[in-house]
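Presented below is the structure to which this report refers.
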Amino acid sequence: MSATSTDTQATNGIPQERRLVTTIPGPLSTALQARKTEAVSNGIGVMLPVYIAKAGGGVLVDVDGNSLIDMGSGIAVTTVGNANPDVVEGVARQVADFTHTCFMVTPYSGYVEVCEALNRLTPGDHAKRSALFNSGAEAVENAVKIARAYTKRPAVVVVEHGYHGRTNLTMALTAKNMPYKQSFGPFAPEVYRVPMSYPYRDRGLSGKEMAAIATTRIEKEVGASNVAAIIIEPIQGEGGFIVPGEGYFSAMAAFAKDNGIVFVADEIQSGFCRTGDWFASEFEQVVPDLITTAKGIAGGMPLAAVTGRAEIMDAVHAGGLGGTYGGNPVACAAALGAIRWMENADANQLARDIEAVMVPRLRAMAQEFPSIGDIRGRGAMIAIELVRPGSMEPDADLAGALNRYCHAHGVITLTTGTYGNVFRFLPPLTMPTHLLEEALTILEQAFEAVAAS
Ligand code: PLZ
């Protein structure tokens with residue numbers, strides 16, 4: 001079968017099955033992990049030491065020949081599937097033509113085309129500009145630089161449970177200490193954190209009420225006229241897939257607008273059809289001033305962007321933004337392939353289809369297992385929050401035990417959240433339904449096994 005851009009499975013020729021031929025991890029992975037310990041800094045942790053040889057559709061195949069169901073997409077990156085044919089074709093063509101010139105020295109069309117696509121696809125029909133970088137953290141840092149240059153103000157406001165990266169400024173913007181910030185301070189100044197709307201834990205306060213608390217804090221403790229930017233993830237990623245209560249995100253955007261503050265939506269995890277919309281901001285019809293993207297933009301090649309209002313993006317002096325590799329031509333070709341695939345395959349519908357399978361199954365599980373305190377998310381960004389039954393006390397141990405069971409049984413799952421008690425699902429949109437169902441069955445068995453032990 002030839003791969004085409006309407007091939008919604010994009011299997012990379014790999015049988016779409018869960019198949020274990022060794023224990024997990026197998027002997028070849030175990031040997032590689034021993035070499036990793038000798039060669040790689042201990043600071044680089046590995047969640048599941050299964051070394052991957054090939055991937056596509058809904059599976060990862062390891063060096064021992066095990067085929068595992070991928071419910072993580074490398075943390076929301078391979079949304080279009082691993083080795084997606086449109087990405088592979090674009091990369092192969094570009095890498096054979098030229099690999100680098102540095103856009104700031106002698107430019108090339110791919111960079112411009114990616115910026116045109118971003119300007120077209122992001123919310124709002126105002127004049128926009130984009131700038132390309134290598135990683136999500138770099139995009140967020142640059143959004144702050146741009147907002148400060150435009151407003152000539154120092155302060156940056158972020159919210160509880162927020163995650164924005166691991167560089168010095170983005171560590172300051174990130175809420176959680178372990179493992180992201182511990183031992184790495186002092187952090188960048190002029191960063192202020194205000195409450196997030198977290199419906200499961202806000203004791204009945206609505207999204208609008210939480211926004212009122214947050215904006216009052218900004219006014220009283222920072223002074224709105226000192227704030228360059230408010231940065232919020234429309235659905236939080238590392239914070240625990242927290243979906244703010246209705247009205248929170250739009251009220252924060254309105255407050256920014258009223259006070260001349262640049263409203264930045266960090267869509268690095270939630271963007272590019274992950275939630276069933278091109279960008280999760282669209283759900284509340286919010287048009288951010290700036291939007292940061294990465295991850296799903298380029299099917300696994302390192303690329304990130306800041307996109308936003310032309311007058312804000314152009315407030316920076318020429319040469320003020322950049323970097324050697326930002327918008328590398330091979331990464332741009334990958335992005336153009338990924339975006340083309342998302343448009344042709346109706347990726348938003350694929351994400352909604354995944355939600356339609358997952359949420360009813362998870363609801364049924366919650367009936368049986370009272371440790372599922374909350375089910376939340378949208379599209380192919382769904383999570384369950386685990387608590388001690390009869391309470392709201394976070395149960396990170398249970399999340400860990402379920403994770404180990406799923407891994408041992410050939411399903412790649414991820415935990416997340418400030419309290420480490422959120423079990424999250426980020427399948428590629430190329431996940432076949434039968435594998436999605438099978439992954440949920442393994443999760444069900446994990447609950448049963450942990451309950452029995
Ligand atoms: N903003 C919303 O989700 C990256 C981090 C994994 P980079 N999230 C995964 C880890 O443990 O490092 C992320 C994000 C949001 C920014 C970032 C940062 O993106 O490409 O990892 O720098």
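The values are calculated or read from the model by the stated rules, or taken from the named source; none is laboratory data. Here the structure is a predicted model, which means the values were calculated and not measured. Glycine also receives a Cβ, built like all others from the backbone with ideal geometry; neighbour counts cover every protein chain displayed. Surface accessibility is based on the protein's heavy atoms, side chains included, excluding ligands, DNA and RNA. Shrake-Rupley method; radii C 1.70, N 1.55, O 1.52, S 1.80 Å.
Points to keep in mind about this one:
- A simple count of charges around N177, restricted to other residues whose Cβ falls under 15 Å of its Cβ and scoring Lys, Arg +1 and Asp, Glu -1, yields +2.
- For the chain, DSSP calls about 65 percent of its internal beta bridges antiparallel.
- Where both bridge residues fall in segment 85-345, DSSP classifies roughly 40% of the beta bridges as antiparallel.
- Carbon-plus-sulfur accessible fraction, segment 211-259 (probe radius 1.4 Å, protein heavy atoms only): 45%.
- Average Cα contact separation per residue, the chain, under 8 Å, 6 or more apart, as relative contact order %: 22
- Rounded to whole Å, sorted largest first: equivalent-ellipsoid semi-axes of segment 312-360, Cα gyration tensor: 35, 16, 10
- Ordered by 1.4 Å accessible area with all protein chains kept, S183, S250 run largest first as S183, S250.
- Sorted largest first by accessible area at a 1.4 angstrom probe radius, with every protein chain in place, the residues K208, K181, K220 fall in the order K220, K208, K181.
- Taking a point 7 Å from the Cα of Y192 along the Cα-to-Cβ direction, the residues of segment 213-242 with backbone N closer than 12 Å to it are 214-230.
- With both labels modelled 7 Å from their Cα along Cα-to-Cβ, the A396 to M47 distance reads 1.6 nm.
- Largest-first principal axis extents, alpha carbons of segment 85-345, Å: 56, 41, 38
- Helical runs (DSSP H, four residues minimum) scored at -39500 (n - 2.57) apiece and divided by the length of the chain put the mean residue ellipticity at 222 nm at -11000 deg cm²/dmol.
- The accessible area of I230, taken with all protein chains in place and a 1.4 Å probe, comes to roughly 0 Å².
- Rounded to whole numbers, the Karplus 3J(HN,Hα) couplings from phi for segment 223-233 are x, 4, 6, 9, 8, 7, 8, 10, 10, 9, 7 Hz, using 6.51 cos²θ - 1.76 cosθ + 1.60 with θ = phi - 60°, and x at Gly and Pro.
- Summed residue charge, Cβ within 13 Å of P85's Cβ, Lys/Arg positive, Asp/Glu negative: -1
- Over the chain, accessible surface divided per residue gives 40 Å², non-protein components excluded, 1.4 Å probe.
- Separation of the I213 and T22 label points, Cα + 7 Å toward Cβ, nm: 5.0
- Rg/Rh for segment 201-312 stands at 0.98; both radii use Cα atoms, and Rh follows the Kirkwood definition.
- R0 of 41 Å, Cβ-Cβ distance F184-M104: FRET efficiency to nearest 0.05: 0.85
- Unsatisfied cross-links (Cα-Cα over 29 Å) in the set K54/K176; K220/K257; K181/K220; K128/K257: K54/K176
- The convex hull defined by the C-alpha atoms of the chain has an orientation-averaged projected area of 21.5 nm².
- Gain on full stretching of the segment that runs from D97 to Q285 - 0.36 nm per residue minus C-alpha separation: 63.6 nm
- Ranking V243, V330 from most to least accessible surface, computed with a 1.4 Å probe over the protein chains only, gives V243, V330.
- Pairwise label distance in nanometres, A127 with R404, each label 7 Å out on the Cα-Cβ vector: 5.9
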